[in-house]
1. Looking at N66, N109, can you tell me which residue is at pLDDT below 95 and in the same structural domain as D146 (by TED's automatic domain parsing)?
2. Does D58 fit the bill of being within 20 Å of A186 (Cβ to Cβ) and of a type in the set (D, E, K, R)?
3. Within the stretch 204-266, considering only strands (runs of 3 or more DSSP E) that don't extend past its boundaries, which have at least 1 residues that are among the aliphatic types (A, V, I, L, M)?
4. Would you please name the residue that is nearest to V63 (Cα to Cα), looking only at residues in the stretch 73-87 that are in contact with a Ser or Thr (Cβ under 9 Å, 6 or more places away or on another chain) and in a helix (DSSP H, G or I)?
5. Can you tell me which residues in the stretch 116-144 are of a type in the set (D, E, K, R) and within 14 Å of P101 (Cβ to Cβ)?
6. Going by the structure shown, is S48 of a type in the set (G, A, S), modelled with pLDDT of 90 or more and either out of contact with any strand residue (DSSP E or B) (no Cβ under 7 Å at 6 or more places or on another chain) or buried (at least 18 other Cβ atoms within 10 Å of the Cβ) (or both)?
7. Let me confirm something: among G150, G232, G167, which residue is at pLDDT 95 or above, of a type in the set (G, A, S) and out of contact with any strand residue (DSSP E or B) (no Cβ under 6 Å at 6 or more places or on another chain)?
8. Just need a number here: residues in the stretch 200-214 that are exposed (fewer than 14 other Cβ atoms within 10 Å of the Cβ) and either over 28 Å from K182 (Cα atoms) or in contact with a Gly (Cβ under 8 Å, 6 or more places away or on another chain) (or both).
Amino acid sequence: MISEKMRDYSIGFLTVAIMLGAMIGVKQAQALTSLSDIYSGDLIRGESFSAVYYMGADGFRYVFPNDKTYFTWYTDFDDVRWISDSDLAKIQIGGNVTYRPDSNMIKINTDPKVYYVGSGGRLYWVSSESVAISMYGSDWNKQIDDVPDGFFGNYTQTGEEISERPGTGLYGLPGYTINDDKDLVAPEEISITSSGYSPISATIEAGQTVRFTNNDSDKHTASADNLSWGTGTISPGGSYVQRFKAAGEYPFFDSYDSSNSGAIYVE
């Protein structure tokens, strides 16, 4: 059975593919960019489908659920870089992009409540019309977007009411990015060679990622000792990014050579 999260991502692919396809389908295919030339903060898409993704600092790509979400962050598609479908498939999906903080308010069809969007997709209840007017002006009701129920789970309801617009101005600056909004940082790197893992351990903060890269000519894995997580088979030249959300010790081994082992320490 498809998980709720994967179902949301699948809906996101279809929604964005149709929506962005209609907008940029008239543009001819651009020259493909090599995967080695894709960096954190880039906007990317594949050859066959028009869905656009944000390349996160953590090594994952993030989906724009719809056009309204996209245009809270960008004004056009001029900076979208094309990569091959095979290269796109090598980049794991990290989740969905949420509205830029301090942009339009949002709601869902099944709930009359209207929310202000703060950093990281945190929602604050705009409890009355007078509050909405003080924050967004007399046309406040034209600055509310409906978010599909399936994507509402990407946001965090704080349970707090709001009486004034708390935006600091930071959110509207060009330098404020999706990386900033999601607190994404570069993954710790662990190389796999014929000699084993290098380094054999890494210490990270909860929520950070580790990228395992196979720099050997043979296949390898990084598999949890208790089999609770694993990279699966990593072919030569391939990589896999794993996020560790909770503090603790995560020992792992190579299922192709169990003498090779290591550990991730999450603080």
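The values are calculated or read from the model by the stated rules, or taken from the named source; none is laboratory data. These numbers come from a predicted model, not from an experiment. Cβ atoms come from the backbone with ideal geometry, glycine included; neighbour counts cover every protein chain shown.
1. Just one listed residue meets the conditions, N109.
2. Answer is yes for this residue.
3. The qualifying strands (runs of 3 or more DSSP E) are 209-214, 239-243, 257-266.
4. Looking at the filtered set, the residue picked out is W73.
5. The one that is of a type in the set (D, E, K, R) and within 14 Å of P101 (Cβ to Cβ): R122.
6. So S48 passes the test.
7. Going through G150, G232, G167 in turn, the sole match is G232.
8. 1
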